[in-house]
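Below is one structure; the comments refer to it alone.
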Amino acid sequence: MNARTATSLAIAAELPRDALGVPYIAAPVTRRAQARGERRLSLGEPVPFGWLLGPFLLVLYWSVGSASGLIDPRVLPAPWVAVTTAIDLIEKGRLQADLAVSTLRAAQGLAWGVAVGLLVALVSGLSLLGGYLFDGLVQVKRAIPTLALIPLLILWFGIGETMKVTVIALGVFIPIYIHTHNALRGIDLKYVELAETIGLSRWGFVRHVVLPGALPGFMLGLRFGVMGAWLALVVVEQLNATSGIGYMINLARTYAQSDVIVVGLVVYALLGLSSDAAVRALEARALRWRRTLGR
Amino acid sequence: MSPVVSVRGLIRKFTLRGVLNGVDLEIGKGEFVALLGRSGSGKSTLLRAIADLDHEASGSGEIFVPERLSVVFQDARLLPWKRVLDNVILGLDGPNARERGRAALAEVELGGRESSWPYELSGGEQQRVALARSLVRDPELLLADEPFGALDALTRIRMHVLLRKLSQAHKPAVLLVTHDVDEAIELADRVVVLDDGKLAADIQVDLPPEGTARIERFAEVKEQLLVLMGVHESA
């Protein structure tokens, strides 16, 4: 029973009386029993590598399912079979070779996508004309699935590396542009006033106010972009490729080697997770000046 | 002596807030002027016009202001992504910018906090950084738009002492917008009252340095101002 109900249940005879003998009701008391150092509405102290909990539970389920025969090995091979296959692929040198090719492609696509996305977002975000020129175009591009563009890109760039890197770059470009542009346009007008009163030049304004102010948005875009680069890889490496993780998976599909497919998928997952963790570490360092709910 | 600031026949019309119906105002070199008025009287409008921040307003009139002009806003308006010293020297270049920034921070009694982030400072400390950011530019005119409005009473008193010390040391002309009558009398050489977009009064404070004479003069000016602002009925 808390203090509130206690006072309402008390009968007048038991109430405390003041100096003149008039009964009064004591103000309800709220007890503070929460642990010190923890904000009531915040999320609490983060646990290192806490994000691994979900993936760990998935692998646990997979292992238990395979060991108990609940998961048919023809549907999904057991984790230890996948591990053996991975070791085998590494010993033959295939996994490393395919991984290196895939990583290079993703990195090239990422670099182009980030550079162009950032540049176009700046031009489009900082000038009206730039916005009129580019913003509509980007929205049009967003509405067209990259998969549907691939036939045209093949016609334009052939079936070689240029086409593959272009497809990846397009997938990276969109989130970088959208989030950076959004953050640029969202910069508080009061900082613009400040920049005017202290006589910052246009370039000084961009360098000291706009770019750091838009950094949180850019970082979010980068997280989407890095993930997008790996995802686009799957698509392009199934098109006339002779190397890469996607090619390895595609080949395995032809020969119905589900264990190799699983290895490929796990590699994708690991690449995606580790690169996302890297971007998040970068983000935490770059945005030290913020105090947020999630820290 | 020719004035540092000269405003003539200033008219401003807004669709949203505040109007000015022909304001004339002169501020001398190193003179501390407080601009009093009820909310909605147009005092911020006047300050923003002088600071050239009112692009959205239509109007007419002449404004002459010195080249080196600084504004202190009601919020400290520090860039959250820059450390304290970088906020102070924002936009300054030259090899000794950091030295000057450090000196300015020491002057507002924040020496040693150069590499703090703005969120690590209290409201009063943030406003002192904003003061340092203005002072380091060695302004001929300091415009302050209710700079202490968001601070608690004790911090405000400390800020008054600091601002008076700094304005005596650097001698900029100051235009302080406030709705606090005591603050205006305490700090300013001259108090002007804005009412309905026009200057309703222009009072030389001439506060004696100390003693009963000071208290009497303070009360006299205060009564005068309160009547002008429609708070007290005139006797």
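Remarks
- Projecting the Cα positions of A:Val114, A:Thr85, A:Ala195 onto the charge dipole of the stretch A:81-286 (unit charges on Cβ atoms of Lys, Arg, Asp and Glu, taken about the Cα centre) puts A:Ala195 furthest along the positive direction.
- Considering only B:Val108, B:Thr212, B:Ser39, and ranking their Cα positions along the charge dipole of chain B that arises from unit charges at the beta-carbon of Lys, Arg, Asp and Glu, the one farthest toward the positive end is B:Val108.
- Label-point separation, A:Leu239 to B:Asp152 (7 Å along Cα→Cβ), nm: 6.4 nm
- Within straight-line reach of B:Lys171, meaning a Cα separation under 16 Å, sit the following aspartates and glutamates at least 8 residues removed in sequence or on another chain: B:Glu31, B:Glu67, B:Glu107, B:Asp138, B:Glu140, B:Asp189.
- Put the Cα centre of the stretch B:31-52 next to the Cα centre of the stretch B:99-155 and the gap is 21 Å.
- A:Leu137-A:Ile159 FRET efficiency (beta carbon distance; Förster radius 30 Å; 0.05 resolution): 0.70
- Once C-alpha pairs closer than 8 Å and six or more residues apart are averaged by separation and normalised to the residue number of the stretch B:192-235, the relative contact order reads 31 percent.
- Calculated FRET efficiency for the pair B:Ser2/A:Leu60, C-beta based, R₀ 60 Å, to 0.05: 0.10
- When +1 charges are put on Lys and Arg Cβ atoms and -1 charges on Asp and Glu Cβ atoms, the dipole computed for chain A relative to its Cα centre reaches about 780 debye.
- Which of A:Ile178, A:Ile261, A:Leu104, positive extreme of dipole for the stretch A:81-286 (C-beta unit charges): A:Ile178
- Estimated dipole of the protein assembly as shown in Debye, rounded to 20 [Cβ of Lys and Arg +1, of Asp and Glu -1, Cα centre]: 1520 debye
- Range of Cα positions in chain A per principal axis (Å), largest first: 97, 69, 31
- Descending principal axes extents, the stretch A:204-295, alpha-carbon based, whole Å: 58, 27, 15
- Solution diffusion estimate, µm²/s, Stokes-Einstein, the stretch B:78-201, Kirkwood Rh from C-alpha pairs, 20 °C, viscosity 1.002 mPa s: 140 µm²/s
- Comparing B:Ala201, B:Ala219, B:Ala76 in a Gaussian network model of chain B, where Cα atoms under 10 Å apart are tied by springs, the biggest mean-square fluctuation is seen for B:Ala219.
- Cβ charges +1 (Lys, Arg) and -1 (Asp, Glu), total dipole of the stretch B:74-212, debye: 660 debye
- Three-way shape call for the stretch B:11-148 based on the alpha-carbon gyration tensor, with the a/c threshold at 1.5: prolate
- Compactness index (Cα Rg / 2.2 N^0.38 Å), chain B: 1.03
- Given their separation in residues at 0.36 nm each and the Cα-Cα distance between them, A:Leu265 and A:Ile87 gain 62.6 nm when the chain is fully extended.
- Relative contact order for chain A: 20 percent, from Cα pairs under 8 Å spaced at least 6 residues apart, divided by residue count.
- Contact order relative to length of the stretch B:77-121, as percent, for alpha carbon pairs under 8 angstrom and 6 or more apart: 53 percent
- Spatial offset of the stretch A:54-133 relative to the stretch B:60-88 amounts to 48 Å, using the alpha carbon center of each.
- Computed over the Cα atoms of the protein assembly as shown, the ratio of the radius of gyration to the Kirkwood radius (Rg/Rh) comes to 1.14.
- Only helices reaching 24 angstrom along their own axis (Cα) with mean Kyte-Doolittle hydropathy no lower than 0.0 count here, and for the DSSP H runs of chain B these are B:153-170, B:211-228.
Throughout, read-outs are computed from the coordinates displayed, never taken from laboratory work. Values in this document were obtained by computation on a predicted structure and should not be read as measured data. Using ideal geometry, Cβ is built from the backbone for each residue, glycine included, and neighbour counts are taken over all protein chains shown.
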